[in-house]
Every structure is written in C-alpha cells, then in structure tokens.
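Below you'll find the structure, written out as structure tokens, and then a few comments.
The values are calculated or read from the model by the stated rules, or taken from the named source; none is laboratory data. Please read these numbers as outputs of a predicted model, since none were measured by experiment. Cβ placement follows ideal geometry from the backbone for every residue including glycine, while neighbour counts extend to all protein chains displayed. When the accessible area is computed, the model is the full protein with side chains, heavy atoms only, and any ligands, DNA or RNA have been set aside. Shrake-Rupley method; radii C 1.70, N 1.55, O 1.52, S 1.80 Å.
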Amino acid sequence: MFDHGQPSYAEVNKDILSVMLETGPRYWMLLGTTMSVAVIFFFMPWFYQLIVGVGAAGMSRNAYWGTYLSNFIFWIGLSHSGTLLSAILHITNSPWRKSVYRSAEAMTLFSLMTAALFVMVHLGRVWFVHWSFPIPNQMGLWPNFRSPLMFDVMAITTYLTASSIFIYMGSVPDFAAVRDASTGTRRRLYTIFSFGWRGTAREWHTLGWAYTFFAVFVIPLAVSVHSIVSWDFALSIVPGLHHTIFAPYFVCGAIYSGTAGIVTVMYCLRKFLNFERYIGQVHLDNLGKLLLALSLIWSYINMLELFSSWYGGSSFELEALKFKLTGFYAPLYWEMILFCAFVPLLMFFRKFRWSWNKMLLISILINIGMLTERFIIVATSQPRKFLPNAFGFYFPSWIEISITIGSFAIFATMFLIFIKWVPAISIYEVKETLKPLRRDA
Amino acid sequence: MAIMGTFAFEEDFLAAAEKLQSSGFDNISLLSPVPLAEAQKVLGLGKSAVRRFSLAGAIIGALAGFALAAGTALVFVLPTSGRAIITIPPFLIITYEMTILFGVLFTLLGFHVVSDLPAWRDRPYLPAANIDRFVVVVEGAAGEQAARAEAIIRQAGAEEIHHVEEDQ
Amino acid sequence: MKWGNDLSTFVEKFRQYLKPGYYDEFDYHWTMTIDLDRCTGCEACVVACQAENNLPIVGEKRYAQNREIKWIRIERYWEGEYPDVKMGFIPMLCQHCDAAPCEIACPVFATYHNQDGLNTQIYNRCIGTRTCAVYCPYEVRYFNWFTYTWDEPLEQQLNPDVTVREKGVMEKCTFCIQRIRLAKDNAKDDDRRRVRDGEVVPACVQSCPTEAMAFGDSNDPEAKVSKMMKNPRGYTVLEELNTTPSIVYLKKAHAES
C-alpha cells in the first residue's frame, strides 16, 4: 500500500493537514489563473449570450441542442465515478479506496456543479429556471413530471444532495482534526463544521452505519442519474438517439470517463501536493485494471449501437448512421474510437499500468475521446432527422468553444478551493490502513 | 467531574475500557483517532438505530414521490402527447429518486439524533485523541467512585490522567 | 348519499386520469387538409402567416444560418436527374399531432394538448430547453434565438391579437388560435353552441390562391375537411411514427406511364 515506508499516525495528520494549513505563492498564482480563465472564458461570454440571446451560440434549426448539452453530459459523466466508485468500494470493503476516495468524491461534486451550470447556459430563458422545480406557486402550476427533463431535474438535485452529504459526512472526523490543528476564525469555523466531533466509540459506530447507508443509497442513485440523462435523448424518436442501449451505454461511458478523471486528479494530487506516500502503485494499478475493463464494456456497447442501427434497417437510422460514420464529423468519430477503444488496450501491459506518466496520458486521451463522444451524439443525429429538407449541419461558435474551455477552469478553481478547505485525503481512513498502534507492533 | 486517561496503545486502552465497564461505570466514552470495532463491542453497540431512520425515510420518500408526481398532475390537468394524466412508468422514476433523496436525508437526521451531534456544549476532549492517542473518559463519577476509576485507568497503563470540571 | 356520490365521482375521475389519451373526444378536432395536386408552391401562405402571426424578419445572415422563423414552409423535393427533373412541393407546418412527441418533453408544460385537439404553445411559460424542437420529427418548431425588432413603421402592422415573442422562447404554428378564439366568442354571442363550418379560416388557408387547403372541425361529418379526409389520396406525413397528425395531405396524382 505504501511505496515509501509506513508513516506514523501523527505523520499522517501532519502531512495531510499541512496541505491545507500552509499555502505558498504558487497556489495563489494557480488559483488566480484558473479564476481569471473561468471569468474570461466562461462567465463573460455567457453574460454576452444572456444579453444577446442563445443565438450567440452556433445552434440553429439543424441542431437545437449543441455543445452546451454535450458538455453537460460530459461533466455529468465525469461525476459518475467518484461517489459511485467510493460507495461500491466502501461496501465491498476495499482498503485501497481509502486514500483515493475523498478527492474522487470532490470531483463528483464539482463536475456535477459544472454540469448544472451548463444546463443554465443552455436554457433560452435561464432567469425562469426555477419554474422547472416543484415549488408551490399562486398559479397552481406544477412541473410536468412526465417529461424526461423533469426526471433529470429530480435525479440531478438528488444526486447533488446525496453526494454532498456523502462527502461531508465522510469528512466530519477530519474537520475535527483541522479544528484541533488550527486557531482563530478557522478553528471556530471548523468547530461548527465538525459538529463537535470527539471520536467516541458511539460516534464512530453511528457514522459507520450512516455512511454505509449513504453508500447503499448512492449506488443505485448514480446508476439512475446517468440512465435518466440518456433518456433525455433516447425518449425522443430522433434516429441515432432512439436506442434502448442508451441507458447502459451512458452509464458505462460515465463511469469510464469518471475513472479516467480520477487517474488524472490522482496524478495532480501526487505531483503537486506531495502525496506520493499515500497514493501509490497499488491505486494506479487497480484503477488501470478498472479502466481496462470499462473500456472493453464501452467498446462492446458501442459496437452494439452501430449494429442495432444497421440491423434495424430503417432508412432514417441508416442515414443517421451514414452521417455519423462517413460525414463531416467522421474524423472525430474515429478519433473517439481510437482514444476510447484502442489506446486503453495498452493497459493490458503492466508497464503502462505502473507508470504514472503513461497512465496520465491514457486517462487524458480517454476523456478527450469521451468529450467528443458526447459531441458526436448531439451533432450527428439532430441534423439528420426525418425530413431531408431540414437536413443541415451544426458547428459550434466561438462562444461555445470558449465556454467549454472555461468550464475546465471552473472545475479546477473549485478543486483548488476544495483542497484548502477539506483534507484532500481522508486522514482517519488512511490511519485505518496503517498497522494499529499496539505494544507488540 | 470527568476523568480522562490517555493511552498510546490500543490494547491498554481496550483493557481499561473493559475493566471500567465491568466495574459498573456506565458513563464512559472511548475516544479514538480511528474507528475501533473492539471499542464498540466493549460498549455493547450492536445494530444502530440509524437503519430505522433510513427505512422510514425511504418509505416516506417513495410515498411522497408518487404523491408529488400524481398529485400535482391532478391539481392542474394538462394532457400531453395522448398520455394518461397519471402515467405510471414516468412517475415511478420520480418515486425512485425521491425514495433515495428522503432515504439519504433521513439517514442524515438519524445520524444526528443517534450520535448526539452537533454538540451544544463542551465535552471532555483531548486533541491528541484525534491524532494518535486513545482516551478513556469517565463522566459523572465523584469521590470514591472517581478514585476507583482513576486507579483502574492508571493500572491499565495510562500515559497521563486529566481531571476536567464539567460545566453543568 | 352524498359521500357515496363523491366517491363514485372520484373513482370515475381517477379512472379517466389513468386512461391513455385522456380525451374521449375533442370538443372540436381542428383539422387541415392540404391538396398537393393544387399546391403551386407560390408561398402565399408563408407570407400570410408571417403577417398574421407577427413572425419576425430575421435578415439574410440569420436566414443563411437556418434560424428563420416560418411557421409554415414550402419544402421542395426534386425527382429525377437533369434535364428530366420534376419538382414537388409540400407545405410543412405544425401537424398538431394527437400523440405529439414534443409535448411530453416540456418540463414546464409550456406545450400541451388542449380540448380542441390543438397542440398549444404558451410563450410565457417557455424556459427555452428546446427539447420539444429536438423531439419534433417534422421540425416545425422555431426558436427565438434573439429578440427581434421591427423597424419603423413596420411595427404598425403587427397583429394586436398575437403576442410578440421575446428571445429564448419556442414558437410554432397555432392554427391561428386567435381566429378560433374569435369564432368561438362570436358563436357564443349569437347563442349558437357550435362554431359553423368555414367560420374559422387560418391565414394560410385564407390566402391560398388555388384553395389547396381546407380547415375545419373533423368531428363534424358535414364539414369540408371531413369530406376531404375521405379522399383516397389522403395520407399523413411520417405515419409510421404514430404521431397521429391533424393534417391530412392529399397526394399529388400522377398519370400512370
């Protein structure tokens, strides 16, 4: 588990808390950069779009859904590994989870928030977005619970709530550790955050039970969230979207890109926060095997999707299929196949699974592939619907591209803020994996 | 008056806890930096009442979810796409999500109720208990009882013993 | 017994709410027939619609971006190779499907099916998710990508009976619901219970020089549309999608060669 010798309990506290309590100029520079990128690339174009109208983006009658929606799916997908993986590994009692899961769950939370932002950016009249929530109003008008978009609203708010509670409850003992290690305002703040946690046997016992229940609730929830997102597409009758395979396809793709995202985040934590001692070869190796398995499933489902379109033989489906495989976006499609189906096969070799740099590259390529996968779903099916007269072409405008870039900066900003507010690695659970403090030890 | 004894080793700590428990001290807290199944066993903590909250939450959520979807559809009847007003399959999805939402929220509530957190008053605590020390706290003992507790803790090999005045 | 009556009403209502389709019968079933044999593709209907329903003129650039707003459009299809080439027209407007794919999609009920069998669009309620437009197989829903303005003195010709839509709102053919409303009000004022056949004429139907289009209540067997619908040339577009459209096209007749 530990590559560089086993740390003592006190060292664990010191190592992990020092990341929070000691901040150098490099951090502030990085935070400043990501924040400015977020403002310049995301919020300023968005503001412009709010004033002008959604027409500022490249969407038209050919594709009413554009990059905003494909990015929404991408970010939702990225959110799918953290909490889900953490919950599954928690109830299956896998010790290698313990130093990875906190950041993975944070990734879930922040990518989910970024995804929610994309819904806002997508909407024509975002200032009325509260109409899609079940809020009592004087007109007695409620949202349409028969709509797949309403499923989405319910699923995503539930997921956001559940995963925030999940990460928060897992951090309570660590908030207590921060409280004990700090002074002044921060101490008062963390006294509140930690609920006055003392670590009594009763508290641990209750937390353990509650946490297991959270995990049990979160697993089916995460699966349902992405299948519901897929139904936004699959419940339409648009050729290329109207596939029964979409729910498992999206769920699998989500976990796939999420796991790749975890590898990327782990690399950064290890490299920049000096967590080499806690994030080791075993984590990388296990994540690599998981990624490999997911990539095989993903490739299989992808093949099935093409097969069922072709085998169905409907002329509309065939047209959409032809556009996807040989149309303008064909290079993007084949790039996706290369990055998500073939490149990950390298992980069959231990040489790749054990090398941080190679795994970083593979994980980034996978996520580029997944980003394009979502784009292709949106951009190749809508312009080829039913009436040839309405066949068209969709290309994102500079605003959409800029907002896409900005969203990564938003995610990075939130993550940078997170590592200063919450211990990025679970202190108490790392301690659990250490040898217990025994006289004979 | 509370007596706190700190231990460097798990087995000493557990021995002290067991001894105190068997000597009839019923208000003891066992502070540890990591969850210890043995410590929970000493206190006789079995199944937690949290699970009742989870179950209740899930059931209430399921009912509330279906009621929300079906009820609001009836408040303002707006037919769409030739579907029924109360359309069972999509409403089951809403039910599913609400089951989980309420289940999670009630579990959270259950955690707070059962663990007695957030704590509204200061309780005997040593920061070392969250780093690498195991702490036994005996509360509500006075006079001879307190002396007996202290003796047991000392005998088990405590590093330090603290006396804390509890604010009532 | 009062309570017993209430209960049976409740049970009856509940059964009705569980029934797919919900409506047994529409009060009026507004239907349009379009005879493609008579259509010359002159686009008079397109212009009439533009004037009647305050459709914005989006300009050349936005037209090229495929962002025009035309509630009714003439689709042109070419058959054969030059020089032996034939052109066909089909006016395409909202089909007011009884099982509309678009209605189910809206999270805020901005589009729903009313008791006249109309697929309505409520602009004030729309939040612009554009899902309805993606779901629509006929692609007859149009989005206000921008807030459009009318240069002086063009704003004088705006129809006071129709809302001017702002940016971020979906819109589409309403079967000139303002005229239907007016006809219903007149019928009420005249102490008639029903609107007479031919009393409601949407702008496109009114302007058609060849009288290719007919509009009326297909619940009324005597109405012109009901008779037209019985024509063996009648078909609905994309019938295989089971959207049950309210527009019946009459196929163009070809001489058998």
**Q.** Residue ID - surrounded by the fewest Cβ atoms within 10 Å (Cβ to Cβ), chosen from residues in segment C:232-253 that are touching a residue at least 60 places away in the same chain (Cβ under 8 Å) and farther than 24 Å from C:CYS136 by Cα
**A.** C:ALA253
Q: Spot the failing condition for B:THR80; the list is (1) of a type in the set (S, T, N, Q); (2) within 8 Å of chain A (Cβ to nearest Cβ); (3) open to solvent by 20 Å² or more (accessible area, probe 1.4 Å), and only one is missed.
A: (3)
Q | Residue ranges of strands (runs of 3 or more DSSP E) in segment C:6-114 with at least 1 members open to solvent by 70 Å² or more (accessible area, probe 1.4 Å) and either without any contact (Cβ under 8 Å) to a residue 24 or more places away in the chain or touching a helix residue (DSSP H, G or I) at 6+ places or on another chain (Cβ under 7 Å) (or both) | A | C:72-79, C:86-93
(Q) Among the residues of segment B:123-146, are any under 23 Å from A:TYR211 (Cα atoms), in a helix (DSSP H, G or I) and facing chain A (nearest Cβ under 10 Å)? (A) yes
Q: Just need a number here: residues in segment B:148-159 that are closer than 24 Å to A:ASN13 by Cβ and open to solvent by less than 60 Å² (accessible area, probe 1.4 Å).
A: 2
Q: Tally the residues that are facing chain A (nearest Cβ under 7 Å) and within 16 Å of the chain's Cα centre (by Cα), restricting the search to segment B:86-122.
A: 10
Q | Set A:ALA201, A:ALA210: member being open to solvent by less than 30 Å² (accessible area, probe 1.4 Å) and under 18 Å from A:THR158 (Cα atoms) | A | A:ALA210
Q) Which fully enclosed helices (runs of 4 or more DSSP H) of segment B:35-117 have 3 or more residues being small (Gly, Ala, Ser)? A) B:50-75, B:88-115
Q. What number of residues within segment A:177-198 are surrounded by 23 or more Cβ atoms within 10 Å (Cβ to Cβ), touching a residue at least 60 places away in the same chain (Cβ under 8 Å) and assigned to a loop (DSSP other than H, G, I, E, B)?
A. 0
Q: Please determine, by comparing only the residues of segment B:19-34 that are in a helix (DSSP H, G or I) and over 21 Å from the mean Cα position of the chain (by Cα), which one is nearest to B:ALA149 (Cα to Cα).
A: B:LEU20
Q. Residues in segment C:120-140 that are more than 8 Å from chain A (Cβ to nearest Cβ) and either open to solvent by 10 Å² or more (accessible area, probe 1.4 Å) or without any contact (Cβ under 8 Å) to a residue 60 or more places away in the chain (or both): how many?
A. 7
Q. Does any residue in segment A:201-228 that is without any contact (Cβ under 8 Å) to a residue 24 or more places away in the chain and of a type outside the set (Ser, Thr, Tyr) come within less than 6 Å, Cβ to Cβ, of a residue that is buried (at least 24 other Cβ atoms within 10 Å of the Cβ) and not in a helix (DSSP H, G or I) six or more places away or on a different chain, and which pairs are these?
A. A:ALA201/B:LEU30
Q: Please specify each residue of segment B:15-25 satisfying the condition of being open to solvent by less than 20 Å² (accessible area, probe 1.4 Å) and within 12 Å of another protein chain (Cβ to nearest Cβ).
A: B:ALA17
Q) Are any residues in segment A:213-236 aliphatic (A, V, I, L, M) and either more than 9 Å from every other protein chain (Cβ to nearest Cβ) or open to solvent by 40 Å² or more (accessible area, probe 1.4 Å) (or both), and if so, which ones? A) A:ALA215, A:VAL216, A:ILE219, A:ALA222, A:VAL223, A:VAL229, A:ALA234, A:LEU235
**Q.** Which numbered condition C:TRP3 misses (of (1) away from chain B (no Cβ under 14 Å); (2) modelled with pLDDT of 90 or more)
**A.** (2)
Q) Can you spot a residue in segment B:28-39 that is away from chain A (no Cβ under 11 Å) and charged (D, E, K, R)? A) no
(Q) Within segment A:417-427, does at least one residue satisfy the condition of being out of contact with any His (no Cβ under 9 Å at 6 or more places or on another chain), in contact (Cβ under 8 Å) with a residue 40 or more places away in the chain and under 30 Å from A:LEU241 (Cα atoms)? (A) no
(Q) Could you go through segment A:154-176 and let me know if any residue there is open to solvent by less than 20 Å² (accessible area, probe 1.4 Å), facing chain B (nearest Cβ under 9 Å) and closer than 25 Å to B:ARG83 by Cα. (A) yes
Q | Positions within segment A:211-256 being aliphatic (A, V, I, L, M) and either within 20 Å of A:PHE386 (Cα to Cα) or at pLDDT below 90 (or both), in sequence order | A | A:ALA234, A:LEU235, A:ILE237, A:VAL238, A:LEU241
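Okay, residues lined up against (1) open to solvent by less than 40 Å² (accessible area, probe 1.4 Å); (2) touching a helix residue (DSSP H, G or I) at 6+ places or on another chain (Cβ under 8 Å); (3) touching a residue at least 24 places away in the same chain (Cβ under 8 Å):
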residue: B:ASP122; (1), (2), (3): no, no, yes
residue: B:TYR125; (1), (2), (3): no, no, yes
residue: B:ALA129; (1), (2), (3): yes, no, yes
residue: B:ALA141; (1), (2), (3): yes, yes, yes
residue: B:ALA146; (1), (2), (3): yes, no, yes
residue: B:GLU165; (1), (2), (3): no, no, yes
(Q) Every residue in segment A:317-339 that is under 11 Å from A:ILE376 (Cα atoms) and β-branched (Val, Ile, Thr), please. (A) none
**Q.** Unmet criterion (only one of (1) in contact with a Gly (Cβ under 8 Å, 6 or more places away or on another chain); (2) open to solvent by 30 Å² or more (accessible area, probe 1.4 Å)) for A:GLU22
**A.** (1)
Q: Take A:ALA247 and decide whether it is in contact (Cβ under 8 Å) with a residue 24 or more places away in the chain and not in a loop (DSSP other than H, G, I, E, B).
A: no
